[in-house]
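The values are calculated or read from the model by the stated rules, or taken from the named source; none is laboratory data. Just so it is clear, the structure is predicted and the values come from calculations on it, not from any experiment. Because the Cβ atoms are built from the backbone with ideal geometry, glycine has one as well, and the counts that use them run over all protein chains shown. The protein model used for the area step is the full one, side chains on, heavy atoms only, and it has no ligands, DNA or RNA in it. Shrake-Rupley method; radii C 1.70, N 1.55, O 1.52, S 1.80 Å.
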Amino acid sequence: MKEKVLITGANGLIAKKLGLLLEKNNYQVCYLSTKKSNKKNIFYWNLANDVIEMEALSKTDHIIHLAGYNISNIWTKKNKQKMFDSRIKSSQLIFEKCKEIKHTPKTYISASAMGYYGLETDGLKKENDIPQQENWMSLLCEEWEKKADQFKELGSRILKLRLSLILDKNGGILEKILLGFYFRIGLVFGKGTQPFPWIHSSDVAKFILHCIQNKEMNGPINLSTQKQITLNEFMLSMQRNIQKKTILIYIPKWIIQIFMGEQASMLFSNVKLSVSKMKEYGFTWDYGNIDQAIQKEIN
(Lines give C-alpha, C1' and ligand atoms only; values in the text may rest on other atoms or scores of the structure.)
Protein backbone atom coordinates (compact mmCIF):
# COMPACT_ATOMS: atom_id res chain seq x y z
CA MET A 1 0.00 0.00 0.00
CA LYS A 2 1.30 3.44 -0.95
CA GLU A 3 2.28 5.82 1.83
CA LYS A 4 0.31 9.07 1.78
CA VAL A 5 2.17 12.40 1.70
CA LEU A 6 0.46 15.75 2.24
CA ILE A 7 2.22 18.86 0.87
CA THR A 8 1.15 22.41 1.75
CA GLY A 9 1.56 25.27 -0.71
CA ALA A 10 0.24 23.39 -3.74
CA ASN A 11 1.26 26.09 -6.22
CA GLY A 12 4.77 26.56 -4.89
CA LEU A 13 7.88 25.77 -6.92
CA ILE A 14 9.25 23.10 -4.56
CA ALA A 15 5.80 21.60 -3.89
CA LYS A 16 5.24 20.92 -7.59
CA LYS A 17 8.71 19.46 -8.14
CA LEU A 18 8.53 17.39 -4.96
CA GLY A 19 5.08 16.06 -5.82
CA LEU A 20 6.27 14.70 -9.16
CA LEU A 21 9.34 13.12 -7.55
CA LEU A 22 7.25 11.44 -4.83
CA GLU A 23 4.78 10.06 -7.36
CA LYS A 24 7.67 8.55 -9.34
CA ASN A 25 8.76 6.88 -6.11
CA ASN A 26 5.35 5.29 -5.54
CA TYR A 27 3.87 7.66 -2.94
CA GLN A 28 0.28 8.87 -2.88
CA VAL A 29 0.57 12.67 -3.01
CA CYS A 30 -2.04 15.16 -1.79
CA TYR A 31 -1.90 18.93 -1.45
CA LEU A 32 -3.39 21.68 0.70
CA SER A 33 -4.34 24.78 -1.27
CA THR A 34 -6.02 28.10 -0.44
CA LYS A 35 -7.94 27.74 -3.72
CA LYS A 36 -10.76 25.23 -4.03
CA SER A 37 -10.23 22.57 -6.66
CA ASN A 38 -12.14 19.72 -8.28
CA LYS A 39 -9.03 17.53 -8.27
CA LYS A 40 -9.32 14.61 -5.87
CA ASN A 41 -5.84 15.07 -4.42
CA ILE A 42 -6.10 18.84 -3.72
CA PHE A 43 -7.79 19.84 -0.47
CA TYR A 44 -8.89 23.28 0.68
CA TRP A 45 -7.72 25.16 3.75
CA ASN A 46 -8.40 28.65 5.06
CA LEU A 47 -6.29 30.15 7.84
CA ALA A 48 -8.63 33.02 8.55
CA ASN A 49 -11.47 30.61 9.32
CA ASP A 50 -9.33 27.82 10.85
CA VAL A 51 -10.54 25.41 8.17
CA ILE A 52 -8.86 22.33 6.71
CA GLU A 53 -10.69 19.65 4.76
CA MET A 54 -10.04 16.85 7.21
CA GLU A 55 -9.76 14.15 4.56
CA ALA A 56 -6.39 15.71 3.73
CA LEU A 57 -4.99 14.75 7.15
CA SER A 58 -6.75 11.41 7.54
CA LYS A 59 -4.35 8.45 7.24
CA THR A 60 -1.53 10.77 6.15
CA ASP A 61 1.91 9.26 6.76
CA HIS A 62 4.06 12.32 6.06
CA ILE A 63 3.28 16.05 6.15
CA ILE A 64 5.56 18.42 4.21
CA HIS A 65 4.81 22.00 5.24
CA LEU A 66 6.16 24.34 2.53
CA ALA A 67 3.48 27.05 2.44
CA GLY A 68 4.47 30.65 3.17
CA TYR A 69 3.92 34.12 1.75
CA ASN A 70 7.03 34.99 -0.27
CA ILE A 71 9.67 36.59 1.94
CA SER A 72 11.03 38.60 -1.01
CA ASN A 73 7.90 40.76 -1.06
CA ILE A 74 8.33 44.27 0.35
CA TRP A 75 8.54 44.23 4.15
CA THR A 76 5.58 46.44 4.92
CA LYS A 77 3.80 45.91 8.24
CA LYS A 78 0.93 44.20 6.40
CA ASN A 79 3.23 41.91 4.41
CA LYS A 80 5.24 40.98 7.48
CA GLN A 81 2.04 39.85 9.14
CA LYS A 82 1.19 37.75 6.07
CA MET A 83 4.65 36.20 6.15
CA PHE A 84 4.25 35.39 9.83
CA ASP A 85 0.69 34.05 9.67
CA SER A 86 1.24 31.95 6.55
CA ARG A 87 4.03 30.09 8.37
CA ILE A 88 3.26 30.16 12.09
CA LYS A 89 -0.55 30.17 12.11
CA SER A 90 -0.66 27.55 9.36
CA SER A 91 1.68 25.26 11.33
CA GLN A 92 -0.49 25.69 14.42
CA LEU A 93 -3.65 24.90 12.48
CA ILE A 94 -2.22 21.66 11.07
CA PHE A 95 -1.12 20.59 14.54
CA GLU A 96 -4.48 21.37 16.14
CA LYS A 97 -6.42 19.52 13.45
CA CYS A 98 -4.16 16.44 13.74
CA LYS A 99 -4.67 16.52 17.50
CA GLU A 100 -8.42 16.93 17.04
CA ILE A 101 -8.71 13.73 14.98
CA LYS A 102 -6.08 11.97 17.13
CA HIS A 103 -3.82 11.36 14.16
CA THR A 104 -0.03 11.00 14.37
CA PRO A 105 1.80 11.49 11.09
CA LYS A 106 4.98 9.44 10.96
CA THR A 107 6.95 12.44 9.76
CA TYR A 108 6.43 16.22 9.92
CA ILE A 109 8.85 18.17 7.72
CA SER A 110 8.76 21.95 7.92
CA ALA A 111 10.55 24.47 5.75
CA SER A 112 12.66 27.03 7.60
CA ALA A 113 15.42 29.34 6.39
CA MET A 114 19.03 30.32 6.93
CA GLY A 115 17.59 33.56 8.31
CA TYR A 116 17.19 31.57 11.54
CA TYR A 117 20.78 32.49 12.40
CA GLY A 118 20.12 36.21 11.93
CA LEU A 119 20.92 38.53 9.03
CA GLU A 120 23.35 40.74 10.93
CA THR A 121 25.63 37.91 12.01
CA ASP A 122 28.40 36.15 10.08
CA GLY A 123 30.48 32.99 9.90
CA LEU A 124 29.87 29.32 9.22
CA LYS A 125 26.71 28.21 11.00
CA LYS A 126 25.92 24.73 12.28
CA GLU A 127 22.48 23.60 13.34
CA ASN A 128 23.20 23.91 17.07
CA ASP A 129 24.26 27.58 16.79
CA ILE A 130 22.09 30.03 18.74
CA PRO A 131 19.90 32.40 16.64
CA GLN A 132 20.30 36.16 16.71
CA GLN A 133 16.98 36.96 18.31
CA GLU A 134 16.84 40.74 17.81
CA ASN A 135 16.50 40.30 14.05
CA TRP A 136 12.95 40.01 12.67
CA MET A 137 13.82 37.21 10.25
CA SER A 138 15.49 35.23 13.00
CA LEU A 139 12.46 35.62 15.26
CA LEU A 140 10.17 34.51 12.43
CA CYS A 141 12.21 31.36 11.77
CA GLU A 142 12.49 30.55 15.47
CA GLU A 143 8.71 30.73 15.95
CA TRP A 144 8.23 28.72 12.75
CA GLU A 145 10.43 25.94 14.09
CA LYS A 146 8.79 25.99 17.52
CA LYS A 147 5.46 25.23 15.87
CA ALA A 148 7.03 22.26 14.10
CA ASP A 149 8.35 20.99 17.44
CA GLN A 150 4.79 20.69 18.73
CA PHE A 151 4.43 17.50 16.71
CA LYS A 152 6.67 15.82 19.31
CA GLU A 153 3.53 15.74 21.48
CA LEU A 154 1.92 13.51 18.87
CA GLY A 155 4.97 11.27 18.54
CA SER A 156 5.94 12.36 15.03
CA ARG A 157 9.49 12.51 13.70
CA ILE A 158 10.30 16.17 13.01
CA LEU A 159 12.66 17.77 10.50
CA LYS A 160 13.22 21.52 10.05
CA LEU A 161 14.93 22.46 6.79
CA ARG A 162 16.94 25.69 7.00
CA LEU A 163 16.98 26.56 3.34
CA SER A 164 19.59 28.66 1.56
CA LEU A 165 18.76 30.49 -1.68
CA ILE A 166 16.94 28.13 -4.04
CA LEU A 167 18.04 28.25 -7.68
CA ASP A 168 15.35 27.71 -10.31
CA LYS A 169 14.49 29.74 -13.40
CA ASN A 170 10.80 29.64 -12.47
CA GLY A 171 11.13 31.43 -9.16
CA GLY A 172 13.27 33.13 -6.55
CA ILE A 173 16.47 35.04 -7.12
CA LEU A 174 17.48 33.28 -10.34
CA GLU A 175 14.25 34.21 -12.10
CA LYS A 176 14.78 37.89 -11.23
CA ILE A 177 18.46 37.97 -12.20
CA LEU A 178 17.84 36.16 -15.49
CA LEU A 179 15.52 38.97 -16.57
CA GLY A 180 18.36 41.50 -16.32
CA PHE A 181 20.77 39.21 -18.17
CA TYR A 182 18.44 39.08 -21.16
CA PHE A 183 19.11 42.83 -21.45
CA ARG A 184 22.85 42.28 -20.78
CA ILE A 185 22.69 43.90 -17.35
CA GLY A 186 23.60 42.23 -14.07
CA LEU A 187 23.10 44.03 -10.77
CA VAL A 188 25.53 43.26 -7.95
CA PHE A 189 24.58 44.33 -4.43
CA GLY A 190 27.41 46.16 -2.67
CA LYS A 191 30.90 44.87 -3.42
CA GLY A 192 29.62 41.35 -4.08
CA THR A 193 31.99 39.82 -1.54
CA GLN A 194 29.16 38.56 0.71
CA PRO A 195 28.55 34.77 0.83
CA PHE A 196 25.99 33.32 -1.56
CA PRO A 197 24.66 30.09 0.03
CA TRP A 198 22.52 28.26 -2.56
CA ILE A 199 20.97 24.95 -3.53
CA HIS A 200 19.25 23.80 -6.70
CA SER A 201 15.49 23.20 -6.47
CA SER A 202 15.87 19.60 -7.67
CA ASP A 203 18.27 18.87 -4.81
CA VAL A 204 15.77 20.33 -2.32
CA ALA A 205 13.08 17.94 -3.59
CA LYS A 206 15.56 15.05 -3.60
CA PHE A 207 16.61 15.83 -0.02
CA ILE A 208 13.01 15.87 1.23
CA LEU A 209 12.49 12.43 -0.32
CA HIS A 210 15.73 11.39 1.40
CA CYS A 211 14.26 12.62 4.72
CA ILE A 212 11.11 10.57 4.27
CA GLN A 213 12.98 7.41 3.37
CA ASN A 214 15.65 7.61 6.09
CA LYS A 215 13.93 7.22 9.44
CA GLU A 216 17.01 8.11 11.53
CA MET A 217 17.02 11.69 10.24
CA ASN A 218 15.55 14.35 12.52
CA GLY A 219 15.86 17.89 13.85
CA PRO A 220 17.09 21.04 12.08
CA ILE A 221 19.20 20.61 8.94
CA ASN A 222 20.94 23.26 6.85
CA LEU A 223 20.26 22.91 3.12
CA SER A 224 22.98 24.29 0.88
CA THR A 225 25.76 23.09 -1.41
CA GLN A 226 29.21 22.07 -0.21
CA LYS A 227 31.24 24.64 -2.15
CA GLN A 228 30.99 28.12 -0.64
CA ILE A 229 30.83 30.95 -3.19
CA THR A 230 30.36 34.72 -3.06
CA LEU A 231 27.76 36.84 -4.85
CA ASN A 232 30.53 37.95 -7.23
CA GLU A 233 31.33 34.34 -8.12
CA PHE A 234 27.66 33.65 -8.75
CA MET A 235 27.27 36.67 -11.02
CA LEU A 236 30.45 35.80 -12.93
CA SER A 237 29.11 32.29 -13.47
CA MET A 238 25.87 33.78 -14.79
CA GLN A 239 27.88 36.01 -17.12
CA ARG A 240 30.05 33.08 -18.26
CA ASN A 241 27.11 30.74 -18.95
CA ILE A 242 24.40 33.07 -20.23
CA GLN A 243 25.76 36.22 -21.82
CA LYS A 244 29.49 37.04 -21.76
CA LYS A 245 28.83 40.62 -22.88
CA THR A 246 26.62 41.34 -19.86
CA ILE A 247 27.67 44.45 -17.94
CA LEU A 248 27.89 43.96 -14.18
CA ILE A 249 26.75 47.07 -12.32
CA TYR A 250 27.69 47.39 -8.65
CA ILE A 251 25.04 49.13 -6.52
CA PRO A 252 26.46 50.68 -3.31
CA LYS A 253 25.10 49.26 -0.08
CA TRP A 254 23.91 52.65 1.17
CA ILE A 255 21.68 53.16 -1.88
CA ILE A 256 20.02 49.77 -1.39
CA GLN A 257 19.50 50.52 2.31
CA ILE A 258 17.74 53.79 1.45
CA PHE A 259 15.25 52.04 -0.81
CA MET A 260 14.86 48.73 1.03
CA GLY A 261 15.38 49.68 4.67
CA GLU A 262 15.45 46.69 7.03
CA GLN A 263 14.92 44.25 4.16
CA ALA A 264 18.32 45.21 2.68
CA SER A 265 19.93 43.04 5.36
CA MET A 266 18.82 40.00 3.33
CA LEU A 267 21.19 41.03 0.54
CA PHE A 268 24.22 41.60 2.75
CA SER A 269 24.18 38.68 5.16
CA ASN A 270 27.60 37.16 5.85
CA VAL A 271 26.20 33.81 6.95
CA LYS A 272 27.61 30.58 5.51
CA LEU A 273 25.90 27.25 6.10
CA SER A 274 27.65 24.09 7.25
CA VAL A 275 26.32 21.06 5.36
CA SER A 276 28.07 18.46 7.52
CA LYS A 277 24.69 17.11 8.62
CA MET A 278 23.54 16.60 5.02
CA LYS A 279 26.75 14.65 4.34
CA GLU A 280 26.40 12.71 7.59
CA TYR A 281 23.00 11.51 6.41
CA GLY A 282 24.48 10.27 3.14
CA PHE A 283 23.02 12.84 0.75
CA THR A 284 24.63 13.38 -2.66
CA TRP A 285 23.98 16.54 -4.65
CA ASP A 286 22.98 16.31 -8.30
CA TYR A 287 23.86 19.98 -8.77
CA GLY A 288 26.72 20.86 -6.46
CA ASN A 289 28.54 23.12 -8.91
CA ILE A 290 27.22 26.60 -9.71
CA ASP A 291 28.04 26.39 -13.44
CA GLN A 292 26.29 23.02 -13.61
CA ALA A 293 23.19 24.38 -11.84
CA ILE A 294 22.91 27.42 -14.11
CA GLN A 295 23.41 25.29 -17.22
CA LYS A 296 20.59 23.04 -16.01
CA GLU A 297 18.24 26.03 -15.88
CA ILE A 298 19.10 27.64 -19.23
CA ASN A 299 19.19 24.50 -21.38
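Based on the Kirkwood radius over alpha-carbon pairs, what is the Stokes-Einstein translational diffusion coefficient of the range 156-205 at 37 °C with 0.692 mPa s viscosity, in µm²/s? It diffuses with D of about 255 µm²/s by this estimate.
Heavy atoms only, probe 1.4 Å: what % of the accessible area of the range 126-221 goes to carbon and sulfur, would you let me know? Display every interim value, and only then the final one.
Details: 2250 of 4070 Å².
On the range 126-221, the fraction of accessible area on carbon and sulfur atoms equals 55 percent.
Computed with the Debye formula from one identical point scatterer per Cα of the chain, without solvent, the log10 of I(q)/I(0) at q = 0.08, 0.10, 0.11, 0.16 Å⁻¹ comes to -0.35, -0.55, -0.67, -1.39.
For the range 231-272, count all C-alpha to C-alpha pairs, find those more than 11 Å apart, and express that count as a whole percent of the total.
Details: 610 of 861 pairs.
So the portion of pairs separated by more than 11 Å is 71 percent.
Report D for the range 131-233 in µm² per second (integer): Stokes-Einstein, Kirkwood Rh on Cα pairs, 37 °C, 0.692 mPa s.
Numbers: Rh = 16.1 Å.
It diffuses with D of about 204 µm²/s by this estimate.
Couplings for the range 233-243, taken from phi via the Karplus curve 6.51 cos²θ - 1.76 cosθ + 1.60 with θ = phi - 60°, read 5, 5, 5, 5, 5, 4, 4, 5, 9, 10, 8 Hz in order; Gly and Pro are left as x. Within the full protein context, the accessible area of Lys39 is estimated at about 130 Å² for a probe radius of 1.4 Å.
Working with all protein chains in place, sort Glu55, Glu216 by solvent-accessible area computed with a 1.4 Å probe, largest first.
Solvent-accessible surface, decreasing: Glu55, Glu216.
The protection proxy used here, the mean number of other Cβ atoms lying within 10 Å of each residue, ranks peptides 56-68, 145-157, 105-117, 275-287 as follows, highest first: 105-117, 56-68, 145-157, 275-287.
For Asp286 and Lys78, what does the FRET efficiency come to when R0 = 45 Å and r is the distance between their Cβ atoms, rounded to the nearest 0.05?
On the way: r = 39 Å, r/R0 = 0.86.
Working from the Cβ atoms, E equals 0.70.
The alpha carbon gyration tensor of the range 181-299 gives principal lengths a ≥ b ≥ c with a/c of 1.5 or higher and a/b no greater than b/c, which makes the shape oblate. Shape descriptor for the range 13-118: Rg over Rh equals 0.97 (Cα atoms; Rh from the Kirkwood inverse mean 1/r). For the range 46-190, the normalised intensity computed at q = 0.10, 0.11, 0.14, 0.22 Å⁻¹ comes to -0.42, -0.51, -0.78, -1.39 (log10 of I(q)/I(0), Debye sum over alpha carbons, equal scatterers, no solvent). Report summary: the helix-based calculation at 222 nm, which adds -39500 (n - 2.57) for every DSSP H run with n ≥ 4 and divides by the residues of the chain, gives -10000 deg cm²/dmol.
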